[in-house]
Amino acid sequence: MQFPIPATELLKTSAFVKVAAFALLSFSLLFVFNGSSFANFPLTFFSPFNALNSSSTASLLEISPVPPPPHKKEFRVPPLPPVERMGVVDDNGVMSEDFKIGEFDPSLVQDSGNLSEKHEVKDGKSGGRVRVERYKVCDQSMTDYIPCLDNVEEIKKLNSSQRGEKYERHCPGEGKELNCLVPMPKGYRSPIPWPKSRDEVWYSNVPHTRLVEDKGGQNWISIKKDKFIFPGGGTQFIHGADKYLDQIATMVPDIAFSNNTRVALDIGCGVASFGAFLMQRGVITLSVAPKDVHENQIQFALERGVPAMVAVFATHRLLFPSQAFDLIHCSRCRVNWTRDDGILLLEVNRLLRGGGYFVWAAQPVYKHEEILQEQWKEMEDLTTRICWELIKKEGYIAVWQKPKNNICYLSRDPGVQPPLCDSNDDPDSVWYVGLKACITQLPINGYGANVTKWPARLHHPPDRLQSIKLDAYISRKELFKAESKYWNEIIDSYVHAYHWKDYNLRNVMDMRAGFGGFAAALHDLQLNSWVMNVVSVSGFNTLPVLYDRGLIGVMHDWCEPFDTYPRTYDLLHAAGLFSVEKKRQRCNISTIVLEMDRMLRPGGRVYIRDFIYVVIELEEIAAALGWVCARHDIGEGPYASWKILLCEKRF
């Protein structure tokens, strides 16, 4: 009698071991084939077909064609994003920009002259994009082209130019704007650095000899081999500007260069030797002259590294605020101050700070010819009626002082001319505002006349900060101080990260200056440069604050060309300018960038801080200009909405 085999014994039988081994082998083969190319064949182990009988399954496999294996996708590792920022991680794990980097390596950048690809830039006010080639170079005759001053077509339409109208701004109309790159003169070289440039510049950079022919005997300028030499003289100071300045300081000790007198205006400046030699006395002088028969005098001034711009006393206000200058100088400046009821001297009165000085060196001061003496009497009469006091007359120099308040103006006899300006006249409104034959009254509170002495005034919030139009009221002084601190920290990082002190950054422009914090930082960090601060008509007029700080600046609309010669600035700085102009929609930002290229010296640099979407568009325009650019993060890191665009205009 056989008994059932116990379960424990069953596991030990040879039959069970064979069955288990066979099952294990089957499952192993299944996994092997599933990982190989055979795994692409249809398997029915776990498919709905297992409900069919074996014969139907076999027949199905026989009549159904085997589908081709699908294309096997290759897995590719995505490339790493480009490194846009480099730095050194400090002890807190924060990336720092406090390190030195090298300049662009020209061998690593494709020569811009060999590039011919197209770039997209927005065209016109509509915002639509068009594909454009790289900007072409203008005709060689446009080497010194200033669009608003060389508009021959508009100048010919003038009915009269007796008052100097042809030397004023006449900008090209819509569709006639500059659309090419202003060329360099043949043989152009990197400018001689300051302070050596005060005394000599390359002939090939400003190849014009008219001033040498006309003024060589007056110690203005001469030619020596491949350079222009500036001995430092002028028509009324042929023995040199230094001796001339000593004479003025001795005549009126209260002028006190640098201490009381920080900002000066030199009218009809020649080659700007007056301003050039005042710089070593701590005075920043803005030299102005028209583009007249001596048309390259401002170009010489800027090539020397002296603050200057083209401007004329004609029919419109100059683009500076009221009470801007501590001293205004005219040495044989060829201006008839008494014409049209003294309207030109009244413009000087508007520009002169309360208590400031007007220095006049001219033939009527010292010559006794009848016609010249009549001119002197007319000048004496006019200055008396506008309440100027003749402080000193010595040799060929006369010095007047403007009153510090309105007491004299209000105590004049009734009917005395010129009249006081209307109370609703804004003396700081200057953009295309005509001259007015009236006396600009001084603020009753003394604002503008009571500035702090230099150098404390650079960082002391001036009183006129409270009178300019701003959104803020209570927090104005805090805004002023915060802006100064902000730019000081940023420029300090620029100096270290981009080694600014190794560059020849002499002529600098801040295209959206605000309170002047950028310029103040350059001064504090002892960069050997001066800054033209530009206040846009589209924003708040902060020019009075800039001048009260001891800086210089000008009002401008960046949808129009600036009144300077080509190749006159080493550095152009624009923070937030382009996003503001895009919102205005008055012009396309490519118009502004093309004007920047005109003003920028070959080898010059551009620093732009703006929203990333603006920076991306600017990169395209810069490429069409042939600039070499690099995008950087701001201090807030790679995810900030603003970026820095650094560009260089190559030779």
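The values are calculated or read from the model by the stated rules, or taken from the named source; none is laboratory data. These numbers were taken from a predicted model, which means no experiment stands behind them. When we count neighbours, we look across all protein chains shown, and the Cβ atoms used for this are built from the backbone with ideal geometry, even at glycine.
Quick notes on this structure:
- For residue 365: the one exception among (1) closer than 22 Å to residue 248 by Cβ; (2) touching a residue at least 60 places away in the same chain (Cβ under 8 Å): (2)
- Selection count, the range 208-262, where residues are of a type outside the set (Ser, Thr, Tyr), at pLDDT 85 or above and on the phi > 0 side of the Ramachandran plot: 4
- Checking 303, 347 one by one, the residue that is over 26 Å from residue 232 (Cβ atoms) and in a helix (DSSP H, G or I) is 347 and no other.
- Of the residues contained in the range 535-555, none is found to be in a strand (DSSP E or B) and over 25 Å from residue 146 (Cβ atoms).
- Contact map, the range 375-393: residues that are free of Cβ contacts under 8 Å to residues at least 24 places away in the same chain and in the same structural domain as residue 345 (by TED's automatic domain parsing) paired with residues that are hydrophobic (A, V, I, L, M, F, W, C) and in a helix (DSSP H, G or I), Cβ distance under 8 Å, separation 6+ or inter-chain. Pairs shown: 376/365.
- Where residue 214 falls short, out of the listed (1) free of Cβ contacts under 8 Å to residues at least 60 places away in the same chain; (2) surrounded by fewer than 14 Cβ atoms within 10 Å (Cβ to Cβ): (1)
- Any hit, the range 366-389, residues being more than 20 Å from residue 437 (Cα to Cα) and surrounded by 21 or more Cβ atoms within 10 Å (Cβ to Cβ): no
- Residue within the range 134-142 that is surrounded by 16 or more Cβ atoms within 10 Å (Cβ to Cβ), basic (Lys, Arg), under 24 Å from residue 290 (Cβ atoms) and touching a residue at least 24 places away in the same chain (Cβ under 8 Å) present: no
- Members of the range 553-580 that are more than 21 Å from residue 286 (Cβ to Cβ) and either touching a helix residue (DSSP H, G or I) at 6+ places or on another chain (Cβ under 6 Å) or of a type in the set (Phe, Trp, Tyr) (or both): 578, 579
- Filter result for the condition that a residue is farther than 27 Å from residue 179 by Cβ, assigned by TED's automatic domain parsing to the domain that holds residue 494 and modelled with pLDDT of 95 or more, over 551, 572: 551
- Within the range 424-458, considering residues that are assigned to a loop (DSSP other than H, G, I, E, B) and small (Gly, Ala, Ser), the one surrounded by the most Cβ atoms within 10 Å (Cβ to Cβ): 448
- If you check 475, 484 for being touching a Gly at 6+ places or on another chain (Cβ under 7 Å) and among the small types (Gly, Ala, Ser), only one passes: 484.
- Single residue of the range 401-422 satisfying the filter (within 19 Å of residue 443 (Cβ to Cβ) and touching a residue at least 40 places away in the same chain (Cβ under 8 Å)) that is surrounded by the most Cβ atoms within 10 Å (Cβ to Cβ): 402
- Residues of the range 252-276 that turn out to be closer than 17 Å to residue 231 by Cβ and either of a type in the set (Phe, Trp, Tyr) or not assigned by TED's automatic domain parsing to the domain that holds residue 337 (or both), as a count: 1
- Out of 479, 382, sole residue that is under 18 Å from residue 351 (Cβ atoms) and not in a loop (DSSP other than H, G, I, E, B): 382
- Unmet criterion (only one of (1) surrounded by 15 or more Cβ atoms within 10 Å (Cβ to Cβ); (2) touching a residue at least 24 places away in the same chain (Cβ under 8 Å)) for residue 461: (2)
- Any chance residue 288 is modelled with pLDDT of 95 or more, in a loop (DSSP other than H, G, I, E, B) and within 23 Å of residue 571 (Cβ to Cβ): no
- Single unsatisfied condition, residue 315 versus (1) polar (S, T, N, Q); (2) under 27 Å from residue 380 (Cβ atoms); (3) in contact with a Gly (Cβ under 7 Å, 6 or more places away or on another chain); (4) buried (at least 24 other Cβ atoms within 10 Å of the Cβ): (4)
- Taken across the range 345-352, residues that are of a type in the set (Lys, Arg), under 26 Å from residue 462 (Cα atoms) and modelled with pLDDT of 95 or more do occur, with at least one present.
- Checked against the criterion of being closer than 26 Å to residue 204 by Cα, modelled with pLDDT under 95, of a type outside the set (Asp, Glu) and crowded, with 24+ Cβ neighbours inside 10 Å, the range 302-309 contains not a single residue that satisfies it.
- All strands (runs of 3 or more DSSP E) inside the range 562-645 with 1 or more residues being touching a residue at least 60 places away in the same chain (Cβ under 8 Å) and hydrophobic (A, V, I, L, M, F, W, C): 569-575, 628-633
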